[in-house]
1. Here is a list: A:L278, A:L282, A:L260. Which entry is in contact (Cβ under 8 Å) with a residue 40 or more places away in the chain, more than 8 Å from the ligand (Cβ to nearest atom), over 19 Å from the mean Cα position of the chain (by Cα) and crowded, with 17+ Cβ neighbours inside 10 Å?
2. Between A:S259, A:S229, A:S217, which is touching a Phe, Trp or Tyr at 6+ places or on another chain (Cβ under 7 Å) and assigned to a helix (DSSP H, G or I)?
3. Between residues in segment B:203-226 that are on the phi > 0 side of the Ramachandran plot and residues that are part of a loop (DSSP other than H, G, I, E, B) and polar (S, T, N, Q), which pairs lie under 7 Å by C-beta distance while being six or more apart or on different chains?
4. So which pairs qualify, if the first residue must be in segment A:176-192 and within 8 Å of the ligand (Cβ to nearest atom), the second must be aromatic (F, W, Y), the Cβ gap must be under 7 Å, and the two must be at least 6 apart or on different chains?
5. When you go through A:F305, A:F272 one by one, which is the residue that is within 30 Å of A:R319 (Cβ to Cβ), within 15 Å of the ligand (Cβ to nearest atom) and out of contact with any strand residue (DSSP E or B) (no Cβ under 9 Å at 6 or more places or on another chain)?
6. Out of segment A:72-99, which residues are within 23 Å of the chain's Cα centre (by Cα) and either open to solvent by 10 Å² or more (accessible area, probe 1.4 Å) or acidic (D, E) (or both)?
7. Being within 11 Å of chain B (Cβ to nearest Cβ) and under 18 Å from the mean Cα position of the chain (by Cα) is the filter here; which residues of segment A:351-362 pass it?
Amino acid sequence: MDVAGLARLQFAVTGSLHFLFVVLTLGLAPLVAIMHTRYAITGNPLLERMTRFWGQIYVINYALGILTGLVMEFQFGLSWSGLSHYAGDVFGAPLALETLLAFFLESTFLGLWIFGWHRLPRRLHVACIWLVTLTAYTSALFIMVANSFLQHPVGAAEEGGRLVLRDFGALFTNPTLVFALPHVLGAGLLAGGFVVMGASAYHLFRRTQEREFFTRSLRIGVLTALAGSLITVAFGYAQFGPVGDVQPGKFEGLIPGVSLGLMILIGELIQFTVMLVLAPLLIRDLLARWHWLHPFLMAMTPLPFAAAIFGWLVREVGRQPWLVYGKLSVADALTPGLTRADVIASFAGFAGVLGLLAVVDYALIARAVRRGPGQVALGGADLPLAAEPVPAHSL
Amino acid sequence: MEIFWLLTFAVLLAGYFALEGFDIGLGVLLPVLGRSPAARDRLVGAMAPFVLANEVWLVALAGVLFGAFPVLEGRALSRLYPLVVALLLAWIVRDAGLWFRRRAGASWRPVWEGALTVGSAGLALAWGAILMAVVRGLPASPFDLPGLAAGAALLALLAWHGRTFAAWRLQDGPRRGGRALLLSACAAAVPAAVVMVIVAGHMLANAAPDQTLTVLSVMVVPVAPILVGAQVWVWRTFSKGALPTFF
Ligand code: HEM
């Protein structure tokens, strides 16, 4: 494989890893925020336990979202300096806004939420998780704006061999953005709903002590998945119009074609199962009581994640050979002078380390699920400052 | 307009070292200052609520570099390729150590604490070498003796800063050491400030066009008080009292 191919593979692998965690973040954040709000209003201890249990799953997942996101952030400059040279004056703006207006605040408020138990007044603490949700969605908006610009470079004009910004607003009404963004957000809800469903099914199947907790959680998971599937499928089909207009023939290649087929297959399967089987079985809690169904629920958990990866393969491989559609090819955007050894070393480092940590993270999520709501660290007791004094001079 | 974004960049870079510097330093010193598991819990508990709010300064810095100085972003990052890759890997390893330390079983804890320390040391070394390479005009092979020396010097500086922070945060009773912490924070920011002075002219000459900078300013300036407010809120909430235990 040549240097450009390796650099592309590196981007594809780190980007896919990143999205696996991001898609769950997007789905779980609003669920945790709603649980926390209901707890703050009612004071119901069950809701507190739900907030902490699902909040901890959310937080463990978020860790890998950050770690993989760091690599994404820097990768444009490392491997694709031709992109920042040619289109940075336009493409850089949404990315800069993402870091300042979304990620900076998301991370700061998440820290306040994670460590603020027993410390922040209840209303402010709830406000933190809503701010985390809001900024996570803002982040998705800016990233999709940037990606949509690569699909269909609106709002810019070429001057002296470089793109300059003409109309910033046009980036937000980009036809490749307006249906893709809700499609992705729906995919997030679908992923969140499926994880909540799968984990709840595990506890119900094992007949653990937490029957009421997971019966309620299962209901939340199914309803979230229902909403997610309706949004995802509707906006999925809606995307064919604009894509056909601005990127004709996009799905003709082998990878985009097959991936599109598989995504739609999974999407339809999910929609029929959730709408016609799972949602009706919520009546009188049949779904929670029919234990023979639970292994299927657990086994279905990875489906939205697989569909999401297929979706990105469609969108990104279908754009080839362009980096900025119709204007800058991937080959021309590659950092000049980049050697195979450079890319192989960094690819091995990133893919190896992030791949390993991703496996660890999923194992830790599974562990947290297995241990159940009885052993949640999030919101646990603080260490008293005076317990074992560390005098300043001994440091 | 270029000057405004240059100053923003400079503040973010200096602020990153003043704030994240103590997390890095404390991570390096963890095995030295924390001889028992309980002592390490206290040290990590002291810095934990700040880390998320501190490390985002660097993410914001990268964003400003890309948005306001895109040509330099591509040029600098690709010229510093191996160092930036090393920096990112160290950062990832450090963060994994923090996030996973208490999530896995107790027998794994030494592994994640090791990751925390090794990652922190890697961050300091990579940063020292990067700052040195920038000062020397991005040489072709930045992994050399001056680079290593700069890394070692920065490591020592940040370790001192981390120690000052721990002494300040972990004291029980009347508060002292605030001034020492301020001093070590300023000292930690000095190398970055020096580098900024050296590259300022070059950066000004390579800023994005006015159109782009105006859009960025219009979007960011109204939100800036929220960014500052959130940071202040973190300090007001976590700078004294019991230590949270999640990390
Ligand atoms: C019947 C179901 C579905 C249809 C018709 C559909 C349609 C599409 C189309 C046409 C694209 C490509 C847009 C482009 O190339 O610009 C796309 C992309 C994508 N799809 Fe789907 N999709 C479906 C289900 C799903 C499901 C279930 C998921 C995940 C849970 C998903 C996740 C994605 C993602 C992440 C992308 C890339 C970003 C985007 O373009 O929105 N899709 N989908």
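1. Just a single option satisfies the conditions, and that option is A:L278.
2. The unique qualifying residue is A:S259.
3. none
4. A:F179/A:F235; A:H183/A:F235; A:G186/A:F235; A:A191/A:F305
5. The match here is A:F305.
6. Scanning segment A:72-99 gives A:M72, A:E73, A:F74, A:F76, A:L95, A:E98.
7. Narrowing segment A:351-362 to residues within 11 Å of chain B (Cβ to nearest Cβ): A:352-354, A:356-358, A:360-361.
Listed by number, the residues that qualify are A:L354, A:L357, A:A358, A:V360, A:D361.
Residue by residue, here is whether (1) touching a residue at least 60 places away in the same chain (Cβ under 8 Å); (2) among the charged types (D, E, K, R) holds:
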{"position": "A:G5", "(1), (2)": "no, no"}
{"position": "A:G15", "(1), (2)": "yes, no"}
{"position": "A:L46", "(1), (2)": "yes, no"}
{"position": "A:I57", "(1), (2)": "yes, no"}
{"position": "A:Y62", "(1), (2)": "no, no"}
{"position": "A:T68", "(1), (2)": "yes, no"}
{"position": "A:L83", "(1), (2)": "yes, no"}
{"position": "A:P94", "(1), (2)": "yes, no"}
{"position": "A:E98", "(1), (2)": "no, yes"}
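The values are calculated or read from the model by the stated rules, or taken from the named source; none is laboratory data. Model, not experiment: these values are computed from the prediction. For neighbour counting, all protein chains shown are included, and Cβ atoms are generated from backbone atoms with ideal geometry for every residue, glycine included. Each accessible area value is taken on the protein alone, full model and side chains, heavy atoms only, with ligands, DNA and RNA left out. Shrake-Rupley method; radii C 1.70, N 1.55, O 1.52, S 1.80 Å.
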